[in-house]
Amino acid sequence: MIRPEYFIETLKAQGIDCFAGVPDSLLKNICAYITDHFDAQHNIIAANEGAAVGIAAGHYLATGQPACVYMQNSGEGNIINPLASLTDPEVYNIPVLLLIGWRGRPGVHDEPQHVKQGKVTTGLLNTMGINFDVLSKDEDKAEKQIAKAVAALKNREVYALVIEKDTFEDYKLQNVEKNDLAMSREEAIQTVAAALGEKDCIVSTTGMISRELFEYRAAMNQGHERDFLTVGSMGHASQIALGIAMAQPERRVWCFDGDGAAIMHMGSMAIVASKEPRNYVHVVFNNGAHDSVGGQPTVGLKIDLPAVAKAVGYKATVSVESKEALVAALKDLAEGPVLLEVKVKKGNRKDLGRPTTTPIQNKEALMQFLKK
């Protein structure tokens, strides 16, 4: 395995000292090392992966030095546009080093949302004309691959290093951003879910939120047919919920969102507001972190999400930090679209499980419920 400090310091020695991206579980040790050893001007956790490519392009224009963009392979879809219309040799010819976590690699067991992406990870790079290496777990071999990547960057190419599971040694984040909030996300999810009406349904975002919602239903001996667990498609739960809410205006639809997901495609909030769905409740569980992939920080607790929602046209906004305030807010919800921000502490139970139903089973059960 490769030491994170060895890998990053090798890049730094080659003039690559600016990093931007969206954290990934396969890269959590690398992301943690970068967080601890680079200031906020040289490590930008972007709203989404395409935006990170834009940051890298801007850094190159200003300094003449390429930047490194890190991501899970699910983010390849977000980078296709800027790779094809910004960095490509036939457009601006801007070098970028891509660091891509290979979730769902064929032959390696992974969650269902990663299977297809794992199959097409290298194919998409080939289609885009981007040369790449699957990074070796041997440091001597990896050093040669890095040298090859740097040579490509000097030739103003985009180059990718694809990262398999267990490539990097463990590295524990030292500079942990903590908050002093008392309510856990799981407690907040349970509180909101318990307040739903009989016909209400939930669209929950990817990661811990869907997992905690699933376990709540199981613990209460309830079925899962009222919940659409969006195991992939980070940032799009709010639009799935909007589609349901517009098609069934007499049914209240709840979006259980995370701060990282809401920020990733924040423009979607404007579309929700513009359609004025009276039956729409957008709940953002905000802990200021990408909890599912290592706890890397977001700007969630540094911005005013209710003010954003109000500015784009949500009918009402509420922000709470305690269970008592949350219960009170749920009893007095205004006509939608409503944004309910629930500020919660970081972290989750170590024994938190995963959904035991397949995505297709989840979809079919929800569709049957929505016929009622």
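A short reminder: the numbers here are calculations on the coordinates, not readings from a lab. What you are looking at is a predicted structure, and each value in this text was computed from that prediction instead of being measured. Every residue, glycine as well, gets a Cβ built from its backbone with ideal geometry; the counts of neighbours run over all protein chains shown.
Given a Förster distance of 41 angstrom, what is the FRET efficiency for Asp138 paired with Ala334, based on the Cβ-Cβ distance and rounded to 0.05? Here the calculated transfer efficiency is 0.10. Does segment 194-346 classify as rounded, prolate or oblate by the C-alpha gyration tensor (a ≥ b ≥ c root eigenvalues; a/c under 1.5 gives rounded; else a/b over b/c gives prolate, otherwise oblate)? It comes out rounded by the Cα gyration axes.
Net charge in the neighbourhood of Thr191 (other residues with Cβ under 15 Å of its Cβ; Lys, Arg +1, Asp, Glu -1) is -3.
Of all DSSP-defined beta bridges confined to the chain, some 5% are antiparallel rather than parallel.
Relative to one another, the C-alpha centroids of segment 279-337 and segment 100-170 are positioned 36 Å apart. Between 0 and 90 degrees, the angle of helix 359-370 with respect to the longest Cα principal axis of the chain falls at about 30 degrees. GNM on the chain, alpha-carbon springs under 10 angstrom: the most fluctuating residue among Val192, Val69, Val108 is Val108. Here segment 123-166 is scanned for amide nitrogen atoms under 14 Å from the site 7 Å beyond the Cα of Ala84 along Cα-to-Cβ, giving 124-130.
Over 26 Å between Cα atoms: which of Lys275/Lys372; Lys119/Lys363; Lys345/Lys372 fall into that group?
Details: Lys275/Lys372 24 Å; Lys119/Lys363 23 Å; Lys345/Lys372 37 Å.
Exceeds cut-off: Lys345/Lys372.
The helix-based estimate of mean residue ellipticity at 222 nm for the chain, built from -39,500 (n - 2.57) per DSSP H run of four or more residues and divided by its residue count, is -12000 deg cm²/dmol to the nearest 500.
In a shell of Cβ-Cβ distance under 15 Å around Gly313, excluding Gly313 itself, what net charge do Lys and Arg (+1) and Asp and Glu (-1) give? Don't skip to the answer; put the middle values down first.
Working: positive: Lys275, Arg278, Lys310, Lys315; negative: Glu276, Glu335.
Value of the local net charge: +2.
Please determine, in degrees from 0 to 90 and to the nearest 10, the orientation of helix 49-63 with respect to the longest principal axis defined by the Cα atoms of the chain, where the helix direction is its Cα long axis. Taking Cα atoms only, the helix is inclined about 40 degrees. For Rg and Dmax of the Cα atoms in Å, pick the label among (i) 22.3, 85; (ii) 22.7, 71; (iii) 21.2, 63 that corresponds to the value derived from the coordinates. The value computed from this structure is option (iii). With a Förster radius of 30 Å applied to the beta-carbon distance between Lys199 and Val108, the computed FRET efficiency rounds to 0.15. Between the Cα long axis of helix 208-219 and the first principal axis of the chain there is an angle of about 40°, rounded to the nearest 10. Modelled spin labels at Lys302 and Ala62, positioned 7 Å past Cα toward Cβ, are 1.5 nm from each other.
Tally Lys/Arg at +1 and Asp/Glu at -1 over every other residue whose Cβ is under 9 Å from the Cβ of Lys345; what's the total? Don't skip to the end; give the middle numbers.
On the way: positive: Lys178, Arg185, Lys343, Lys346; negative: Asp180.
My count for the surroundings of Lys345 gives +3.
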